[in-house]
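The values are calculated or read from the model by the stated rules, or taken from the named source; none is laboratory data. For clarity, every value in this text was computed on a predicted model and none was experimentally measured. With ideal geometry, Cβ positions are generated from the backbone for all residues, glycine too; neighbour counts draw on all protein chains shown.
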Amino acid sequence: MQQEDRQQLRHNFIVNVSDGAFFGVAMGVASFVTVIPLFVATLTDSTILIGLIASIHMLGWQLPQLLTANRVARLRRYRPMVLFMSLHERLPFLGLAVVAALVPVLDRELVLILTFAMLIWQALGGGLTATAWQAMIAKLIPTTMRGTFYGTQSAFSNLLSSGSAVLAGVLLVSLEAPTNFVACFLIAGIAMLISYGFLAWTRESEAPTAPEAAQNQRDYWAALGRIVQQDRNFNWYIAARMLSQGAGVALSFYTIFAVRRFEMSAETVGVLTGILMLSQMVANPLLGWLGDRWSHRAMFAAGALVATVAALVAIFAPNGTWLYAVFALAGISTAALWTTSMALTAEFGNDSNRPYYIGLANTLVAPATLVAPLIAGWLVDTSGFETMFAVAAICGLATAALTIFGLREPSEVTIRQPAQPSIVTTPSKL
């Protein structure tokens, strides 16, 4: 870290945690899992379109990151690009409020098209922001504190998201449609603007020299290819991340499993969701702190093992009471896999090529993110929940095995330099 950034560490830690907290408010009151699907369900009966909502959100975050990696690698300051791109993941919530308000006067098909246009805009905005934002955090937060930062940010985000989700429920019940959805989306948009204000308060110094980077697209793709070819340790990490998608996908089916298998009421499902959020909120900062002081690689492996245990408990649960443990374990594993993957990714590469690693680490995992829930749903339909949970448990074990026996600590791995070393194409020290 540069001396100026080190002096601003406390300030940047607080404002960026605050950014995440109000981002969580928006994610709760305009949830991609509940509120937005409910709104779309008032416009269409298509389960395919409703199911696409969460996929668009996830893929929009992961797929575009390689598109900006080379530009990010050239920057002496990341903040201006982060602020510009981040507008595109925040303004669409205000756009959704306008779209919802137009429901009484526009054709439903047109409203549906506009809704998905806003969702795609928001998703791509998040993905185009992601590489620069992660590079900025890696620059401003030292390695020994990144896990703590990501964990603390996630904890506050989960806390406020839970509260705003309750608010969304009250609004949806107490107001008539579409006014209830307008209110939810408007509050989300305002929360996003407050979040943006904290993000804009970030203080970042300018690098003394411009980083070297690929000068054209051909060199850029060649640089990415060399990373994949030469950095075997990074390849182990990508493989583990892909398998972890299979381990974590069981979470999406625990609720419906509880309702169908044990006939749990809506109130009980609400309690289970609360346990999930509480376990995530507690586990995020704790696991981030442990990763900083011990090993983010170890925390990632532990998260995969916890996901395995959760799936196995669900398989052998004799009654619904056991699902309280399942949801608690699922919250811990989700926290571990999310917090540690963010911190662990930032340990690969150096200041010049780290954006390349960040882009690769997310874009290469995107296909697994898309395919995992499709396979899981097919397994549930054809063979039952137990089969799907068993496959998820196997993926969890495989993820832990790859992480423990294949992946090494990035800081301990050195890549052999070519005859004419280039800071752009080849990392000297991971």
**Asked** Can you name the number of the only condition in (1) touching a residue at least 12 places away in the same chain (Cβ under 8 Å); (2) over 22 Å from the mean Cα position of the chain (by Cα); (3) within 30 Å of ALA97 (Cβ to Cβ) that GLY169 fails?
**Response** (1)
**Residue among THR345, THR382 that alone is closer than 26 Å to SER279 by Cβ and not charged (D, E, K, R)** = THR345
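Give the number of residues within the range 26-40 that are more than 15 Å from THR115 (Cβ to Cβ) and free of Cβ contacts under 8 Å to residues at least 40 places away in the same chain.
1
Answer yes or no as to whether VAL249 is crowded, with 22+ Cβ neighbours inside 10 Å, assigned by TED's automatic domain parsing to the domain that holds MET299 and among the β-branched types (Val, Ile, Thr).
yes
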**Message:** Residue under question is ALA223, and the condition is that it be surrounded by 22 or more Cβ atoms within 10 Å (Cβ to Cβ), among the small types (Gly, Ala, Ser), within 30 Å of ARG74 (Cα to Cα) and in the same structural domain as LEU397 (by TED's automatic domain parsing); does it hold?
**Reply:** no
**the range 292-346, subset over 14 Å from THR403 (Cβ atoms) and β-branched (Val, Ile, Thr), residue surrounded by the most Cβ atoms within 10 Å (Cβ to Cβ)** = THR339
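Kindly indicate whether PHE198 is buried (at least 20 other Cβ atoms within 10 Å of the Cβ) and in a helix (DSSP H, G or I).
no
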**Asked** Identify, please: which residue in the range 377-396 is hydrophobic (A, V, I, L, M, F, W, C) and surrounded by fewer than 17 Cβ atoms within 10 Å (Cβ to Cβ) and is, among those, modelled with the lowest pLDDT?
**Response** TRP378
**Message:** Can you find a residue that is farther than 29 Å from SER164 by Cα and modelled with pLDDT of 90 or more anywhere in the range 266-287?
**Reply:** no
**Enumerated helices (runs of 4 or more DSSP H) restricted to the range 210-328, each holding at least 2 residues that are closer than 29 Å to VAL33 by Cα** = 232-248, 251-262, 266-293, 296-316
